[in-house]
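Q: What follows is a single structure, and I will ask about it in a moment.
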Amino acid sequence: MPRAGLSHDAVVRLAVEVVDEGGASGFADLTLAKVAAKAGVAAPSLYKHVGSLADLRRDVAVLAVRELTATGASATVGRAGADALRALASAWRQYAHDHPGRYAATQVGPDPDDPAGAVARDVAAEGVQVVVATLRGFELPDDRVIDAVRAVRSGIHGFVLLELGGGFRMREDVDQSFAVLVDMLVAGVAALGAPVAAPR
């Protein structure tokens, strides 16, 4: 049966359902036809509410980034330094396990030259600020903050991506390996904030 009262927000929510049902590849495999089928309408009917598949994908990504940002902010409130970074890493990993399709949507960076991507860029910037705040306790020099943000994001995302894709098949405990990874990230970020000894 067709969904009554379709709107832009309703179509985005239906798209999120489609993405979630598709697992880790759900975002990449998102189509207007799949959303229309879930809504019980013909695909052209969706154009009353979204301009294109690209627009819909961007809206799904914005929703997912907002969720991941809120998840990270909630996990790190009242924490600092290594404790905050460990909490952020665990929260991101759990979100990825709970919503693999949505998590994949958070990894698409907005086009800096696309006027239609202004909201996506603002939301992405908010997400970066959560990581910056998480790392504040390490007292990093200003010129190393973005390096640390990128390293943390890359390390956690790489691990999670391999994990979700079935890349860890050995018997050793994956949770323990993740803890080791996060310890390495903590040590690496701390090293960026350590003063460099003057040459003798």
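The values are calculated or read from the model by the stated rules, or taken from the named source; none is laboratory data. Only a predicted model underlies this, so the values are computations on that prediction, with no experimental measurement involved. Virtual Cβ from ideal backbone geometry, glycine too; neighbours counted across all protein chains shown.
Q: Can you tell me how many residues in the range 115-131 are among the aliphatic types (A, V, I, L, M) and surrounded by 15 or more Cβ atoms within 10 Å (Cβ to Cβ)?
A: Step one: of the range 115-131, the residues among the aliphatic types (A, V, I, L, M) are 116, 118-120, 123-125, 128, 130-131.
With surrounded by 15 or more Cβ atoms within 10 Å (Cβ to Cβ) added as a condition, the list becomes 120, 123-124, 128, 130-131.
Summing the residues that are among the aliphatic types (A, V, I, L, M) and surrounded by 15 or more Cβ atoms within 10 Å (Cβ to Cβ) in the range 115-131 gives 6.
Let's see how each residue does on (1) in a helix (DSSP H, G or I); (2) closer than 22 Å to D122 by Cβ; (3) out of contact with any strand residue (DSSP E or B) (no Cβ under 8 Å at 6 or more places or on another chain); (4) of a type outside the set (V, I, T):
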{"site": "L30", "(1), (2), (3), (4)": "no, no, yes, yes"}
{"site": "K38", "(1), (2), (3), (4)": "yes, no, yes, yes"}
{"site": "P44", "(1), (2), (3), (4)": "yes, no, yes, yes"}
{"site": "V50", "(1), (2), (3), (4)": "no, yes, yes, no"}
{"site": "R58", "(1), (2), (3), (4)": "yes, yes, yes, yes"}
{"site": "V62", "(1), (2), (3), (4)": "yes, yes, yes, no"}
{"site": "R66", "(1), (2), (3), (4)": "yes, yes, yes, yes"}
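Q: Do you know which of the residues in the range 99-124 that are free of Cβ contacts under 8 Å to residues at least 40 places away in the same chain and more than 12 Å from the chain's Cα centre (by Cα) is nearest to L30 (Cα to Cα)? Quick ask: steps written out before the conclusion?
A: At the first step, the residues of the range 99-124 found to be free of Cβ contacts under 8 Å to residues at least 40 places away in the same chain are 109, 111-115, 118, 121-122.
Checking the rest, the ones that are also more than 12 Å from the chain's Cα centre (by Cα) come to 111-115, 118, 121-122.
Details: D111: 19, P112: 23, D113: 24, D114: 21, P115: 23, A118: 22, R121: 21, D122: 23 Å.
This residue is D111.
Residue by residue, here is whether (1) in contact with a Ser or Thr (Cβ under 6 Å, 6 or more places away or on another chain); (2) modelled with pLDDT under 90 holds:
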{"position": "L56", "(1), (2)": "no, no"}
{"position": "V108", "(1), (2)": "no, yes"}
{"position": "T134", "(1), (2)": "yes, no"}
{"position": "I146", "(1), (2)": "no, no"}
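Q: Does the range 1-28 hold any residues that are crowded, with 17+ Cβ neighbours inside 10 Å, assigned to a loop (DSSP other than H, G, I, E, B) and modelled with pLDDT of 90 or more, and which are they?
A: Passing the criteria: G22, G26, F27.
Q: How many residues are surrounded by 13 or more Cβ atoms within 10 Å (Cβ to Cβ) and more than 23 Å from Q94 (Cβ to Cβ) when one looks only at the range 144-199?
A: Number of matching residues: 7.
Q: Take the range 30-87 and flag every residue that is over 30 Å from F178 (Cα atoms), small (G, A, S) and without any contact (Cβ under 8 Å) to a residue 24 or more places away in the chain.
A: A33, A36, A37, A42, A43, G51, S52, A54
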